[in-house]
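Worksheet: one structure, shown below.
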Amino acid sequence: MEATYRSASRRILAASLAQFGRKDEAIREAALFMAKTPNFTIAHWAAAQPARDMETVQRFVEGYRMAGLR
């Protein structure tokens with residue numbers, strides 16, 4: 001169902017797939033996310049996150065990078 005794949009969902013899915021070693025799928029989801037959200041940057045996203053749990057933020061940053069997001 002397309003409603004399941006809203007922008008944030010695709011970004012999170014891309015990071016999760018990358019963390020699980022499913023790189024081809026992660027890259028595909030990241031590309032679909034970027035098609036709808038071309039101004040996304042990992043740095044901007046990370047700076048906007050609450051600082052109380054930087055370990056979780058860092059895991060997403062790593063997943064985003066592995067999926068090909070910048």
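Looking only at segment 22-70, which residues are among the small types (G, A, S) and in contact with a Gly (Cβ under 9 Å, 6 or more places away or on another chain)?
Step one: list which residues in segment 22-70 are among the small types (G, A, S), which gives 26, 30-31, 35, 43, 46-48, 51, 63, 67-68.
Listed by number, the residues that qualify are A26, A30, A31.
Step by step: first the residues of segment 18-42, then only those that are acidic (D, E) and under 17 Å from R6 (Cα atoms), then the one that is least open to solvent (accessible area, probe 1.4 Å). Which residue is that? Show your work before the answer.
So the first thing to find is which residues in segment 18-42 are acidic (D, E), and the list is 24-25, 29.
Now drop any that are not under 17 Å from R6 (Cα atoms), which leaves 25, 29.
Working: E25: 60, E29: 14 Å².
Only one residue tops the list, namely E29.
Among the residues of segment 43-64, is any touching a residue at least 12 places away in the same chain (Cβ under 8 Å), among the hydrophobic types (A, V, I, L, M, F, W, C) and open to solvent by 40 Å² or more (accessible area, probe 1.4 Å)?
yes
Just checking, how many residues over segment 7-17 are farther than 16 Å from Q58 by Cα and either touching a residue at least 24 places away in the same chain (Cβ under 8 Å) or open to solvent by 60 Å² or more (accessible area, probe 1.4 Å) (or both)? Don't jump to the end; show me each part of the working.
Within segment 7-17, the first condition is being farther than 16 Å from Q58 by Cα, and the residues that meet it are 7-10.
Subsequent filtering for residues that are either touching a residue at least 24 places away in the same chain (Cβ under 8 Å) or open to solvent by 60 Å² or more (accessible area, probe 1.4 Å) (or both) retains 7, 10.
Within segment 7-17, residues that are farther than 16 Å from Q58 by Cα and either touching a residue at least 24 places away in the same chain (Cβ under 8 Å) or open to solvent by 60 Å² or more (accessible area, probe 1.4 Å) (or both) number 2.
The values are calculated or read from the model by the stated rules, or taken from the named source; none is laboratory data. Please read all numbers here as calculations on a predicted model, not as lab measurements. With ideal geometry, Cβ positions are generated from the backbone for all residues, glycine too; neighbour counts draw on all protein chains shown. These area figures cover heavy atoms from the full protein model, side chains too; ligands, DNA and RNA do not enter into them. Shrake-Rupley method; radii C 1.70, N 1.55, O 1.52, S 1.80 Å.
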